[in-house]
Each structure stands twice: as C-alpha cells, then as structure tokens.
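What follows is a single structure, written as structure tokens, with notes after it.
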Amino acid sequence: MAYLFNPDRLHEIVRRHLDLPREEQFRNIIDDLAKEYPGHIETRQDWLFNLAGGVVGIMTILHASLSEYVLLFGTPIGAQGYSGRYLMDVYDFFLSGELVAYNETNFLAPVYTRPGEMALLRRGKVKGFKLSEGSWMLEYGRGIIPASLPFALGDAIFSCFDIPTIVKTLWLYGKMVVKELCKGKI
C-alpha cells in the first residue's frame, strides 16, 4: 500500500515551528502541510475532545483516510493513560511539553520525548504514558485506521456516554474518508 505522508517530512515541518506561540505554531504547521500535501489537508481547525485509554485530550483532524490520519493533539493540563494496541504505526512529533512512557519490555527505565523529538508506537505494541502540562503534538497514523475506532471512542461511549463527541468524531472522520475515497485515496 502506498502512503501519501512521509514521517520524516512531517517531523521536519514540526521542527521548523517549535519557537512560535501556540496558535501561530498550529496555523503555520497546517499551512505548511496544505502546501506539501495539496487537497489532502483540512485547514479549518475544528477542535474536539478525545477520550481514550483513560486520557482526555483535545484534537483537530487535519487528514483522515482508511490508511492514514494526521491531527494536532494535546492537553493544556496534562494526562496519563494507556496507548492502545493498533493495526497501524503511530508517530507523535512533539511541539511542546513532555511524554514519559514505558512498555511491556522496558518498564524499569521510562523513555522521555521532548519538543522537536518523535515518539513512535509500532503496530501491535502498547505503552503506558504521561503527558506533562502543555503537551502538544502533531500525530500521524498509518495502517488500518478504522480498526482503531473502537479504542478511540471507547471511553466516550462506555465511560462518559458523550454522544456529541462520538457523533462529531465519526462525522469528521467519515466526511474526510469519503472525500479521500473520491480522490482515489484509500
């Protein structure tokens, strides 16, 4: 399967804007992505809560298809939880804050990810993690994206019964997938 997005290029775009104020940082990253991937980036920010694995964060989806997604994600107050186990790779390019993580084979020495750095969760792997206050990232997933939806919506469905967040998430994801399918992108 051919992928549209290049993780190295996404990382480069993020590193270019590390020293900017947050809103300007988001705007510039979105603008750069829209130039780099014309017709495949939603430039309007539409923020919504994401409740998954015990983590409460907020995100705006910039691209969604059956095989890839790109979004801005973060938390102004910090969070901790479980990553989930996916049929995809998840790349997190840090803009600010700090990620502290451990996994099933490396649980005695946590791994730290800071601004300008990338954390990678390989398909089939999991981690426990903590995001510090003011952690923001550009997140990129590649693989079988629909298989992640039960986890991505699990807390919103079963813990919070947050119907507006569930509907908005499915609406935005579905709308973007249809748009990409119409362009021949799986």
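For Glu42, the residues 5 or more places off, or on other chains, whose built amide H falls under 5 Å of its own are His63.
If you take all C-alpha pairs in segment 66-118, what percent of them are over 18 Å apart? Numbers along the way, then the final one.
Values: 571 of 1378 pairs.
Value for segment 66-118: 41 percent of Cα pairs lie more than 18 Å apart.
Spin-label model, Arg122/Val56: points 7 Å from Cα along the beta carbon direction are separated by 3.5 nm.
Taking label points 7 Å from Cα along the Cα-to-Cβ direction, Phe49 and Arg9 give a separation of 3.6 nm. The alpha carbon centroids of segment 17-55 and segment 84-145 are separated by 18 Å. Magnitude of the charge dipole for segment 61-159, about its Cα centre and with charges confined to Cβ atoms of Lys, Arg (+1) and Asp, Glu (-1), is about 260 debye.
Say the cut-off is 28 Å between C-alpha atoms; which of Lys35/Lys185; Lys127/Lys175; Lys130/Lys168; Lys35/Lys175; Lys35/Lys183 go over it?
Numbers: Lys35/Lys185 18 Å; Lys127/Lys175 30 Å; Lys130/Lys168 26 Å; Lys35/Lys175 21 Å; Lys35/Lys183 17 Å.
Exceeds cut-off: Lys127/Lys175.
Calculate the FRET efficiency for Ala109 and Leu18 from the Cβ-Cβ distance with a Förster distance of 30 Å, rounded to the nearest 0.05. Efficiency, rounded to the nearest 0.05: 0.70. Springs between Cα atoms under 10 Å define the GNM used for the chain, and in it the highest mean-square fluctuation of Val55, Val126, Val167 occurs at Val167. Each Lys and Arg adds +1 at its Cβ and each Asp and Glu adds -1 at its Cβ; summed about the Cα centre, the chain shows a dipole of about 440 debye.
Between Ile144 and Asp31, the simple spin-label model (points 7 angstrom out along Cα→Cβ) gives 4.0 nm.
Convert 20 °C to kelvin, take the viscosity as 1.002 mPa s, use the Kirkwood radius over C-alpha pairs of segment 7-180 as Rh, and evaluate the Stokes-Einstein diffusion coefficient in µm²/s, rounded to a whole number. Using the Kirkwood radius from Cα pairs, D works out to 132 µm²/s.
Between Ile157 and Leu181, what FRET efficiency comes out of the Förster formula 1/(1 + (r/R0)^6) with R0 = 22 Å and r the beta carbon distance, rounded to 0.05? Walk me through the numbers on the way to the answer.
Values: r = 25 Å, r/R0 = 1.15.
FRET efficiency, Leu181 to Ile157: 0.30.
Do any trypsin sites (Lys or Arg not before Pro) in segment 1-73 lie in a DSSP loop with no more than 10 other beta carbon atoms within 10 Å, and if so, which? Write down the numbers at each step before the final one.
Numbers: sites: Arg9, Arg15, Arg16, Arg22, Arg27, Lys35, Arg44; in loops: Arg44.
Taking segment 1-73 and a limit of 10 other Cβ atoms within 10 Å, the loop trypsin sites (Lys or Arg not before Pro) found are Arg44.
Under 14 Å of direct C-alpha separation, and excluding same-chain neighbours fewer than eight residues apart, Lys179 reaches these aspartates and glutamates: Glu42, Glu68.
Each value in this text was obtained by applying a stated rule to the coordinates, not by laboratory testing. The shown structure was predicted, so the numbers you read here are calculated from the model rather than taken from an experiment. Heads up, the Cβs are rebuilt from the backbone with ideal geometry, glycines too, and the neighbour counts pull from every protein chain shown.
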